[in-house]
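Colleague: What follows is a single structure, and I will ask about it in a moment.
Please treat every number below as a calculation from the coordinates, not as lab data. Just so you know, these numbers come straight off a predicted model, no measurement behind them. Quick reminder, even Gly has a Cβ in these numbers, built from the backbone with ideal geometry, and neighbours come from all protein chains shown.
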Amino acid sequence: MTPEGAAGADPIAMRAALLYGPHDVRLAHVPRPAPGAGEVLLRVQAVGLCGSDLHYYREGRIGPVGITSPLIPGHEFSAIVVENRSRTCDLAPGCLVAVDPARSCGSCEWCLGGHPNLCPATRFAGSPGCHGGLAEYHVAPAEAAVPVAAGMGAVPAALLEPLGVAIHALDLARLRPMETVAVLGAGPIGLLLMQVARASGAGRVFVVDPLEYRVEVGRRLGADEVATRADAIMDWTGGRGVDVVLEATNSPMAPAQAVAIARIGGRIILVGIPDGDTFALDAAAARRKGLVLKFARRMGRVYPRAVQMAQGGRVTLDALVTHRFPLDRTPEAFVRQNSYRDGVLKTMILVDADA
C-alpha cells in the first residue's frame, strides 16, 4: 500500500499507521479499501498492540516472515460495520463487531479437519501480505466480523482476540478440575491465560513474571501465588511441580523453565514467541519426565465462547488496558509498549476518538 500525497486531498483516502521496518512506524494517508462480494467494510474503533506486533516492530519479522513493504499492523481490533456485501451474513450497518484476523482457505486438510488456525494458506490481518486494523477502515470477509454482546464497548471487544488465544491454549492443555497451573509471563496473554484457567476449573494458579508490577496485577486478578522467579513454584508445590505450564513470554529461556517446573507426566503449552525465534531445552529433563509439549498457534473457532466469557463476567478485560493513544500517536504508542516501563500492560489505539 503506497501512501498518498496531500493529506486529506483524496476523498477516498484514509489515515493509517504503516510499519516500514524495525522501529519505523509512520502515519500516512492511503487509499480506503473497497469491499468485494462476501466482504464487509468496517470503520475501525479500537486496536490493541500485541506481542507479535512488537516482534515485527523490533525485528522486522517473525521467523521466516518479514516485512518487505509498508504494512498496516494490528490484529486485535473492533470495528463498526459500514457496508455489508455478503448475502449470507446478517450484519447491519452500525453493528459493533470483533474481527477475526485469520483468513484461512476453508478447503485444505487442516481447515476441513477443524483446525483453520493451522491452515498453511492463511492470510492474517496485520502480518506481511495482509493489512491490519491500524487504519480508519478495514475490509474483511463477512464471516470474520463477529457481533458482540449488546453494551460491550469497543475496547473490550478488541480484546476478544487475545482472549480467544487464551481459550485455545486451555483447549490444548485439556485441563482437568483442580489441577495446578503455572503461567509464565504476566503480560496480557498470560493474565488472560490465568483467568481462563481459573474459569476452567484449575485448583491453584501461579503466575511468574520478572516484572513486579505485572505479577501484582496477576494477584489482583485472582492468582493464588505470584513471584518474579519460576523456581518459587517448586517451593509452593513441595517439589512436585505443576500439572500444566502455560508459557506466554518472549524469553528464549522460558521453555526450559517450563520443563523445570512441570511435574512428572505434566503438560506444557508454549504460547509465546521467543525473541530471535529460537529457544533451548534440557532434553534429558523433558524426556525423563515424560512431558507432553504442545505449541499454540493463534486460535480455532472460539470467538463465541470468548464473547460468552466476557459477557458473563468470567474474565476481566478492562484491567489489562493501561495506556490509550489516538491513531496519530501510534509511533509513540509502539515506543511505550516496547519499553516495559510506566506500568504498561496493554496499549490500545483508539482509532475512533469516540471509542
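Colleague: Extension gain residue 314-residue 27, at 0.36 nm per residue separation less the Cα-Cα distance, in nm? Don't jump to the answer; show the numbers that get you there.
Modeller: Values: separation 287, 0.36 × 287 = 103.32 nm, distance 3.73 nm.
Taking residue 314 through residue 27 to full extension adds about 99.6 nm, to one decimal.
Colleague: At a threshold of 8 angstrom on Cα-Cα distance, excluding pairs fewer than six apart, so keeping six or more, what relative contact order does region 164-295 reach in percent?
Modeller: On the way: 287 pairs, mean separation 29.5, N = 132.
It comes to 22 percent, rounded to a whole number.
Colleague: Going by how many other beta carbons lie within 10 Å of each one, how would you line up 309, 178, 152, fewest first?
Modeller: Details: 309 23, 178 10, 152 18.
With the sparsest Cβ surroundings first, the list reads 178, 152, 309.
Colleague: With the cut-off at 1.5 for a/c, could you classify region 12-136 from its C-alpha gyration tensor as rounded, prolate or oblate? Display every interim value, and only then the final one.
Modeller: Working: a/c = 2.01, a/b = 1.13, b/c = 1.78.
Because a/c hits 1.5 or more and a/b fails to exceed b/c, region 12-136 counts as oblate.
Colleague: By the gyration tensor of its Cα atoms, with a ≥ b ≥ c the square roots of the eigenvalues, what is the shape of the chain: rounded for a/c under 1.5, prolate for a/b over b/c, or oblate? Mind dumping the intermediate values first?
Modeller: Values: a/c = 1.80, a/b = 1.66, b/c = 1.09.
Because a/c hits 1.5 or more and a/b exceeds b/c, the chain counts as prolate.
Colleague: Only Cα pairs under 8 Å and at least 6 apart count here; give the relative contact order of the chain as a rounded whole percent. Can you show the working numbers first?
Modeller: On the way: 829 pairs, mean separation 61.1, N = 355.
After rounding, I find 17 percent.
Colleague: Next question, about the same structure. Please work out the FRET efficiency for the pair residue 284 and residue 232, using the Cβ-Cβ distance as r and a Förster radius of 25 Å; give the result to the nearest 0.05.
Modeller: FRET efficiency, residue 284 to residue 232: 0.60.
Colleague: For a quick check: sort 122, 316 by the number of other beta carbons within 10 angstrom, fewest at the front. Mind showing how you got there, number by number?
Modeller: On the way: 122 21, 316 16.
Final ranking by Cβ density, sparse to dense: 316, 122.
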